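The values are calculated or read from the model by the stated rules, or taken from the named source; none is laboratory data. Remember, it's a predicted structure, so these values are computed and weren't measured experimentally. Please note: Cβ atoms are built from the backbone with ideal geometry, for glycine as well, and neighbour counts cover all protein chains shown.
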Amino acid sequence: MMVLITYDVSTSDEGGKTRLRKVAKICVNYGQRVQNSVFEVNVSYGDFLKIKDKLIKEMNPQKDSLRFYYLGNNWQNKVEHIGAKEGYNSEGLLMI
């Protein structure tokens, strides 16, 4: 299932900068960054629950916010991209 994860982490204090790095690292480990604080994550529902749990544990709910947009399995028809940074096929061949 495809999920769009967005976050806004307050960096007004030193702890915020650390939280921001940790949240970004979790997202990078599971998905593709499509904008600064926006990630496309194509995983099973079980893996998504693990990611969500990790993110919630890192955030400060009084200062930060997370948003999850559930695009499901037929997400290709729900995403339109215009402009720079060509899209990618999350189900295509991955070369490391």
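Could you tell me which residue of the range 15-50 is surrounded by the most Cβ atoms within 10 Å (Cβ to Cβ), considering only residues that are farther than 17 Å from residue 73 by Cβ and charged (D, E, K, R)? That would be 19. Cβ separations smaller than 6 Å between residues 6+ apart or across chains give the following pairs from the range 1-14 residues that are touching a residue at least 40 places away in the same chain (Cβ under 8 Å) and surrounded by fewer than 18 Cβ atoms within 10 Å (Cβ to Cβ) to residues that are of a type in the set (A, V, I, L, M) and assigned to a strand (DSSP E or B): 6/38. Checked against the criterion of being at pLDDT 90 or above and either within 29 Å of residue 16 (Cα to Cα) or touching a strand residue (DSSP E or B) at 6+ places or on another chain (Cβ under 6 Å) (or both), the range 71-80 has no qualifying residue. Pairing each residue of the range 56-69 that is without any contact (Cβ under 8 Å) to a residue 24 or more places away in the chain with any residue that is part of a strand (DSSP E or B), provided the two are 6+ apart or on different chains, yields C-beta distances under 9 Å for 56/66. Scanning the range 25-40 for residues that are in contact (Cβ under 8 Å) with a residue 12 or more places away in the chain and not in a strand (DSSP E or B) returns 26, 27, 30, 31, 37.
Just one of the numbered conditions (1) exposed (fewer than 12 other Cβ atoms within 10 Å of the Cβ); (2) within 9 Å of the chain's Cα centre (by Cα); (3) acidic (Asp, Glu) is not true of residue 53: (2).
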